[in-house]
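To start, the structure under review is shown below, and the notes come after it.
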Amino acid sequence: QVQLVESGGGLVHTGGSLRLSCVGSGRTFSYDTMGWLRQAPGKERDFVAAITWTGKNTYYADSVKGRFTISRDNAKNTWYLQMNNLKPEDTADYYCVVKIGSRWSSAPDEYDYWGQGTLVTVSS
């Protein structure tokens, strides 16, 4: 059974930083695309970032480009989201996700596995 467990969320002031981590188990993730999605209160889930299995290709939503960085450590079945210069509009539940295979996607419903989410709150 595949399990994804996020950590690292919390409360931070505008301009601050957080690093989210996700540990996966129950599957060999080496050839999959990993990502992060988020859902703000009252809104739909949105794509944040994705990284292909080699780690060489990364993709970001326009709203986070230049501020967020996604990375992965296949040996540890772990991937990360470094979030810098956080803004109040970044407040959301953040979900780590896995898409089987190497083709990335920005469509939330194309991801096959989801974590439970970790809350990030950015105060103004």
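Worth pointing out:
- Of the residues making up region 79-106, those that are over 18 Å from Val12 (Cα atoms), open to solvent by less than 30 Å² (accessible area, probe 1.4 Å) and of a type in the set (A, V, I, L, M, F, W, C) number 4.
- When residues of region 3-21 are limited to those that are closer than 16 Å to Asp73 by Cβ and of a type in the set (A, V, I, L, M), the one most open to solvent (accessible area, probe 1.4 Å): Val5
- Scanning region 22-72 for residues that are surrounded by 15 or more Cβ atoms within 10 Å (Cβ to Cβ), free of Cβ contacts under 8 Å to residues at least 24 places away in the same chain and not in a strand (DSSP E or B) yields one hit, Arg67.
- Output for region 79-124, where each listed residue is in a strand (DSSP E or B) and of a type in the set (D, E, K, R): Asp93, Lys99
The values are calculated or read from the model by the stated rules, or taken from the named source; none is laboratory data. Since this is a predicted model, take the numbers as computed values, not measurements. FYI the Cβ positions are ideal-geometry reconstructions off the backbone, even for glycines, and counts take in every protein chain you see. Ligands, DNA and RNA are stripped out before the accessible areas are found, and what is left, the full protein with its side chains, is counted by its heavy atoms. Shrake-Rupley method; radii C 1.70, N 1.55, O 1.52, S 1.80 Å.
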